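Notes to accompany the following structure.
The values are calculated or read from the model by the stated rules, or taken from the named source; none is laboratory data. All of these numbers come straight from a predicted model, not from anything done at the bench. Every residue, glycine as well, gets a Cβ built from its backbone with ideal geometry; the counts of neighbours run over all protein chains shown. Protein only, heavy atoms only, side chains kept; ligands, DNA and RNA dropped before computing areas. Shrake-Rupley method; radii C 1.70, N 1.55, O 1.52, S 1.80 Å.
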Amino acid sequence: PNTPCLVGEGAMAVAGGSEEDKKVVEEIFKACGIVKHVPERLMDAVTGLSGCGPAFVYMMIEAMADAGTMKGLPRDTAIELAAQTVLGAAKMVMEGGGRHPAQMRNDVESPGGATIVGSMTLEKHGFRAAVVEAVSNAADRATEIGKK
C-alpha cells in the first residue's frame with residue numbers, strides 16, 4: 001500500500017477515463033498526495049516506483065540510522081536525523097525548479113570531502129543498480145500479479 005497517503009504525501013497515478021472522470025478522480029486522490037496521469041500500460045511501473053518505493057526509502061532510512069547509531073548517536077536521534085535528511089532532500093527535488101537530482105548531489109559533494117567519499121562507496125557497492133533493479137522487479141511482479 002501507498003502508506004505515505006496516511007500523511008497526505010502519497011504519489012499516485014491514474015489512467016484512462018474521460019477528461020471529466022480524470023478531474024474527479026484527481027480531486028479525490030489529491031487529498032492523499034500528488035496525482036499524475038499516465039497511460040494504462042505504465043501503471044505497473046507506477047506500482048514499482050511509488051507504490052513499493054516507500055518500503056525502499058524506509059530501508060534506506062533504517063540503514064542510515066544504523067550507521068549513525070554505529071557511530072555513537074542514540075537510535076531515536078539517528079532515526080529522526082535520517083528521516084529528516086530524506087524529507088529535506090525530497091523537498092529540494094520537488095521545489096528545485098527542475099534541477100536534476102544529480103546536480104543537487106554534486107552541489108553537496110565537496111572536492112575531497114566526506115560526501116564524495118560516501119557517494120563513491122555507494123556506487124562501489126551497487127547502490128544505484130540495486131535501487132533500479134528493485135523498482136524494475138517490483139513493477140514486473142505487479143504485471144505478473146495482474147495477469148492472475
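Worth pointing out:
- Qualifying residues in the stretch 18-51 (those that are among the polar types (S, T, N, Q) and either within 18 Å of Leu6 (Cα to Cα) or assigned to a helix (DSSP H, G or I) (or both)) - the one least open to solvent (accessible area, probe 1.4 Å): Ser50
- Pick from the stretch 94-148, criterion in contact (Cβ under 8 Å) with a residue 24 or more places away in the chain and among the aliphatic types (A, V, I, L, M), ranking: farthest from Gly68 (Cα to Cα): Ala142
- A single member of Gly146, Gly68, Gly97, Gly112 is loosely packed, with under 13 Cβ neighbours inside 10 Å and in a helix (DSSP H, G or I), and it is Gly146.
- Condition check for Met104: open to solvent by 50 Å² or more (accessible area, probe 1.4 Å), closer than 24 Å to Ala130 by Cβ and modelled with pLDDT of 95 or more: no
- Boolean, Ile61 is open to solvent by 60 Å² or more (accessible area, probe 1.4 Å) and part of a helix (DSSP H, G or I): no
- Taking the conditions (1) open to solvent by 50 Å² or more (accessible area, probe 1.4 Å); (2) under 28 Å from Arg141 (Cβ atoms); (3) part of a helix (DSSP H, G or I) in turn, Leu81 satisfies each one other than (2).
- Residue match in the stretch 125-133 (condition: in a helix (DSSP H, G or I) and more than 26 Å from Asp44 (Cβ to Cβ)): no
- Checklist (1) surrounded by fewer than 17 Cβ atoms within 10 Å (Cβ to Cβ); (2) free of Cβ contacts under 8 Å to residues at least 12 places away in the same chain applied to Gly8, failing item: (2)
- Residue within the stretch 89-105 that is under 16 Å from the mean Cα position of the chain (by Cα) and among the polar types (S, T, N, Q) present: no
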